[in-house]
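*Asks:* Have a look at the structure that comes next, please.
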């Protein structure tokens, strides 16, 4: 925190609808600032496909330095399908920042908000409130940019290390304990892997078992990823906190988003020992850019996650309360009838923003 006690937030709007959903989130944070003792200092910085087109880099060094100095990082969405590196991969500074800052815990909450339709029968009565924690620096993603391709085959390497897995599991157990203490859920933690087939995942599960012995008050389960996919569709309300490898988490987190109304409802964070980035799970949606159709809910809820993380990091109880206020405001906006265009409604970015601000 800076000398005037203002929380310094690096703001990376990104590409496509990224800046369009970022603006409502900043409005919400300014409303929080006006009604609490919290103070923010926002600094904009370039990153993404448009910056690559202009400069040949996904982001300048000044953006990385800003992120290093900031108390937290807000990111809209980065990348465009038509803009790619020479190896044909998309511009993804969000992944580069994960690696640079060692942001090993990808936190993906999936909570069904009142008034939001779920494809799962009975979800509106039983509720869905789970958090999927995706290891974000290793697994199959450790091979990003390092794969070997010949005329006859392609190889990528999956990596699981003790150091990262132990930190990941400690983070996961602590989150399960915090949720239970808050009355949020039952405090359970599920390890999702493929330990019956791959030695790397047997190693991953073994490290989970070691961590479980250090947290005997947390109820634990171990589930293979294929069975987990089935269970998430049949009875998602049985899950509380889930922890898994990078690629599995990449896939399961989108499945979880589908259970709660879509990616426009799905916030996320990438958290390390010192730094954290908060961003919606969705992409840049170039097909609707500039049309006022983008759903800013995931970005607003990501800002609420940032407040909760800042509260934990700096001991700011008012920030935790502010994060809960933002969540309640989103709930009220949807309970009162807001319906985004992504699931058949008529409400665009401005309508949703106005409803959330009114609820605040």
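The values are calculated or read from the model by the stated rules, or taken from the named source; none is laboratory data. Just so you know, these numbers come straight off a predicted model, no measurement behind them. Glycine also receives a Cβ, built like all others from the backbone with ideal geometry; neighbour counts cover every protein chain displayed.
*Asks:* Taking into account only those residues within segment 227-236 that are in contact (Cβ under 8 Å) with a residue 12 or more places away in the chain and in contact with a strand residue (DSSP E or B) (Cβ under 8 Å, 6 or more places away or on another chain), which is farthest from residue 119 (Cα to Cα)?
*Replies:* Residue satisfying both the conditions and the ranking: 228.
*Asks:* Among the residues of segment 134-157, write down those that are within 13 Å of residue 249 (Cβ to Cβ) and at pLDDT 90 or above.
*Replies:* 134, 135, 136, 137, 138, 139, 140
*Asks:* Based on this model, can you work out whether residue 248 counts as touching a helix residue (DSSP H, G or I) at 6+ places or on another chain (Cβ under 6 Å), in the same structural domain as residue 39 (by TED's automatic domain parsing) and crowded, with 22+ Cβ neighbours inside 10 Å?
*Replies:* So residue 248 fails the test.
*Asks:* Suppose we keep only residues that are farther than 19 Å from residue 253 by Cα and under 23 Å from the mean Cα position of the chain (by Cα) within segment 180-200. Which one would you say is surrounded by the most Cβ atoms within 10 Å (Cβ to Cβ)?
*Replies:* So, considering only residues that are farther than 19 Å from residue 253 by Cα and under 23 Å from the mean Cα position of the chain (by Cα), the one surrounded by the most Cβ atoms within 10 Å (Cβ to Cβ) is 187.
*Asks:* Being without any contact (Cβ under 8 Å) to a residue 24 or more places away in the chain and either touching a helix residue (DSSP H, G or I) at 6+ places or on another chain (Cβ under 9 Å) or in a strand (DSSP E or B) (or both) is the filter here, so list the residues in segment 86-104 that pass it.
*Replies:* None - no residue of segment 86-104 is without any contact (Cβ under 8 Å) to a residue 24 or more places away in the chain and either touching a helix residue (DSSP H, G or I) at 6+ places or on another chain (Cβ under 9 Å) or in a strand (DSSP E or B) (or both), so the list stays empty.
*Asks:* If you don't mind, another one. Look through segment 265-282, keep the residues that are under 21 Å from residue 303 (Cβ atoms) and more than 12 Å from the chain's Cα centre (by Cα), and return whichever of them is surrounded by the most Cβ atoms within 10 Å (Cβ to Cβ).
*Replies:* Checking each candidate, the answer is 275.
*Asks:* Those residues that are closer than 22 Å to residue 345 by Cα and outside any loop (DSSP other than H, G, I, E, B), I need them from segment 105-124; list them, please.
*Replies:* Correct list: 110, 111, 123, 124.
*Asks:* Working only within segment 115-146, note down all residues that are in contact with a helix residue (DSSP H, G or I) (Cβ under 7 Å, 6 or more places away or on another chain) and at positive phi.
*Replies:* Within segment 115-146, 115, 127, 139 meet the criteria.
*Asks:* Further question: Please report, ordered by residue number, the helices (runs of 4 or more DSSP H) entirely within segment 14-78 with at least 2 residues that are under 16 Å from residue 303 (Cα atoms) and touching a residue at least 40 places away in the same chain (Cβ under 8 Å).
*Replies:* Hits in segment 14-78: 18-35.
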